[in-house]
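So the structure is just underneath, and the comments pick up after that.
The values are calculated or read from the model by the stated rules, or taken from the named source; none is laboratory data. Keep in mind the model is a prediction, meaning the values are calculated, not measured. When we count neighbours, we look across all protein chains shown, and the Cβ atoms used for this are built from the backbone with ideal geometry, even at glycine. For the accessible areas, the whole protein counts, side chains as well, though only heavy atoms, and no ligand, DNA or RNA atoms are used. Shrake-Rupley method; radii C 1.70, N 1.55, O 1.52, S 1.80 Å.
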Amino acid sequence: MSGSRSVAPEVEVGMMKALDVEESILEGLSNDLQDSLRPDPKMESREKAALRIQLMLEGMARKYHIKGEVKMFGSFSNGFKTGSSDMDVVLLTPLVADAVPLLKKFEAEMTPEVGIGNITKIYQASVPLLKLTDMKTGMEVDFCINNELGVRNSQLLHTYCEYDSRVLRLGRLVKDWAKKHELVGTADGCLNSYAYMLLVIYYLQTLEEPVLPNLQEMATESVLVTDMKWGCSDRWETKFWTDVSSLEPSKNTATVAELLIGFFHYYVKEFDWSSHAVCMRLNKSGENVDKFKLNTPTTKDQWYVEDPFDLRHNLAGKCSIAGKARILKKMEESLEFLKQPGGWEKACPSGNLETYLLKLRVSTSVTAHSLLEMFEEFDLTRLYFPKPESNVRMAQAYLEFSSYSSRRRAHTCNERWIADDCQLQLHYSTQHSLSEAIDQGNISTYEMASYKMQRQVFAARMMSQSGGSGATRLGPGNFPENLSMQPGSGAPGGVDPAAAPAFNFMWSGSAQSAGGNPQHPPRQMMQHAGPMVQMGWPNGMPPGPGNGQPGQIPPQPPGNNTARPPGPPPGPPPPEAHMVPSMANFMQMQMQQQQMMQQQLQQQQMQQEQQQMPQQMSQAAQSVHPQVAQLSAAQLQQYQQMQAQMEELQRRQQQLLQQQQAMVQQPARQMQQQAMQQMQAMPQQMPPYHPLQSLVATSSSVTSGAAGSSGDSSEQAPSMIGGGLAKPKGWDQCLHFARFVKEKEVTGIELVKTWQATCQPAVRSGRASERYRLMCNSMSGAIEPYASQVDYNIEQLCDTVLALFHDLTAADTAAAR
């Protein structure tokens, strides 16, 4: 259908004079562009590879007796190919209603033996395809069925390039510029490479002295193509003039440098995106196309880039507000750079990308743990996962990889099912998109290094409990999900969850190790853990056997035990030693600090009151007769009223003092005080055993391995059959606090923040070691599975929490061996 046109602002041939660009700058820019347009040495090998792949696909088609023709399209056939361009290839065959079954036949033939790898299924797209990699050259190949419209589009662009070589050079420069600024990709709200080429051709048609004619308008013979992309059978007119050698060459003599500056100037300063469309089909020199008169409904804010043949397809329809803003901003910046010496290097900086991202949408049944497990083998470095309070059924997540090849291998997981209601749809993404998601505040960062370290710690603990027999092995498949990692703050733009005031019981004591010796927090971690966790034993080790100090923990009897035999109470530490504070001790310290603050405030108020009292007494005395003995009844009554006023003044001062004291008593501290009062009535004796059912599965093989690994039964690890593992020190305090928090109905993200705050003070002080920081990140990761539950199991929660901080010693012990 035709569209109405309006007269556009005049664009002169001598545009550089109007744009005030010096001749010397234009000359330097032309030289820089020539260097950028030099043939890529990779192109020869990639063209040979493209021919080899085309012949391979033709051979596969013959094997399955499929009649048709294999053709290349896209950048490899339209003239805009570069050394990094993908190869687009299509099989044109009749009588194929569904392309997916046919693609699956080809998929079965594509193996490493034929030089093909990274097979990626993209069957859910509007044009189903297989994405693969030529292992010899690293070239990416997209293979589809019956995309005849794509072939005709490529032929049209190739014909424009044949008419004038400046089209090819300008198009390659714009394409390279867009890729360097990460402005390519509809998944991130930008335009695709094909759309940028349409912008180039439209601009060259629009000049007062056009570089290009409208080849579609000149054609006379109809060429209809049937397409099923929109779910129905559409027939599109794809005619265009093909014999460009019979046409007169353009009278426009502008250089590529001038046209490049003019390109950015046109779309930044002249083109009206709110009312006009980029429409090659209807374009004429000096005129614009009204986008509201075209086939696809649009709005004022939406950009419109019409496909030359598929009139339903607006290639800018998925551009986001942020994506459009980025494109125009980079165009405007580049326009200013190109008017300066060395402008092309500034406008299109060299260098490779440093961030390799995939993005996907995940349902609420998908956990961060499951994604870390799935993509660990692909060198995943960070996971950006939606927070549980986002309340979005399909929220956005991001995967960051260490290299391009790692991301490409991970892309092969596309369309796998990760949950009953979630099939992965993986898209290449950019740092821009990730930053926008983080700015919204709904993203948590998970570090793969933290996850791996935690799993190693847990494996070392299991080895320690089994006596080093190696009977228990942990891998990605059997790592407990309730120990999945929690976001950290080490990633660029990572979100560090806010921590509420709470108390620290991380290293509340020692747990029995496999060798019968007490396990204590590593010395390095305690030295850097901040004021909350200190060490001060004279020889750098806690009292215990082998250290010349009392307090030896009695050996455990062999077999399946459920109770620890009573032993001598641990001896007191030396007077100068400062033991690691237990939970009760720490809370007592907190309460003492609070009381000290209140006493100081009270003393200040009393001093102010004492300073004000003489003045108030003097004022009161001056208001009555100086000789009280000679007072009349009325005067005596007045004197008594003044005394009452003074008493009222004192009462109000006392109220003010109480209000100020209440201001420093935060709700969290009140909770601590209540918990402290309740815990003071609790017995301090720790029951010896507790089954960690959420962490360790009971197994007779593990027990037999533990028993057989040690010749002395007195130094055996606690048995894991039936009775479970020994309770870690601090179990009762943890259980009491967990019960107290649950009774207060603290759930969701507030539950995670409350527990994470137990170790945050040391981390935020800057003195915590790297391992301490990672373990602190693991704390809230362990709590997160319980955050979404109303009636969670507090025993399982304490199993998880205490295991995190006592397991580290097992890892250090195993490493020392």
With every protein chain kept in place and ligands, DNA and RNA left out, what is the accessible area per residue of segment 251-352? Probe 1.4 Å, answer in Å².
41
Which shape class, rounded, prolate or oblate, goes with segment 230-312 when its Cα gyration tensor gives a ≥ b ≥ c as root eigenvalues, a/c under 1.5 marks rounded, and past that a/b bigger than b/c marks prolate?
oblate
Please work out how much accessible surface residue 233 shows to a 1.4 Å probe, ignoring ligands, DNA and RNA, in Å² rounded to 10.
80
Most to least packed among 382-388, 30-36, 792-798, 247-253 [average Cβ atoms within 10 Å]:
382-388, 792-798, 30-36, 247-253
At 1.4 Å probe size, what's the solvent-accessible area of residue 93? Round to the nearest 10 Å².
10
Once R0 is set to 51 Å, what does the formula 1/(1 + (r/R0)^6) return for the Cβ-Cβ distance between residue 345 and residue 600, expressed as a FRET efficiency to the nearest 0.05?
0.20
Protein-only accessible surface order, largest first, of 105, 329, 131 at 1.4 Å
329, 105, 131
With the other protein chains left in place, how much accessible area per residue, in square angstrom, belongs to segment 143-203 at a 1.4 angstrom probe?
25
For segment 223-297, which whole-number percentage of the solvent-accessible area (1.4 Å probe, protein heavy atoms only) is attributable to carbon and sulfur atoms?
52
Answer rounded, prolate or oblate for segment 263-361, using the Cα gyration tensor with square roots of eigenvalues a ≥ b ≥ c: rounded when a/c is under 1.5, else prolate when a/b is larger than b/c, else oblate.
oblate
Segment 85-148: relative contact order as a whole-number percent, Cα under 8 Å and 6+ apart:
44
Solvent accessible area, Å² - residue 109, 1.4 Å probe, full protein context:
40
Share of accessible surface on carbon and sulfur in segment 65-104, whole %, 1.4 Å probe and ligands ignored, is 56
Order by accessible surface, 1.4 Å probe, largest leading, for residues 361, 409, 46 comes to 361, 409, 46
When you count, for each residue, the other Cβ atoms within 10 Å and take the mean per peptide, how do 23-29, 643-649 rank with the highest first?
23-29, 643-649
List the residues of segment 143-160 whose backbone N lies under 18 Å from a point placed 7 Å from the Cα of residue 219 along the Cα-to-Cβ direction.
147-160
Largest-first ordering by accessible area, 1.4 Å probe, given options 453, 218, 775:
218, 453, 775
How long, wide and thick is segment 118-157, going by the Cα atoms along their three principal axes, in whole angstroms, largest first?
31, 25, 11
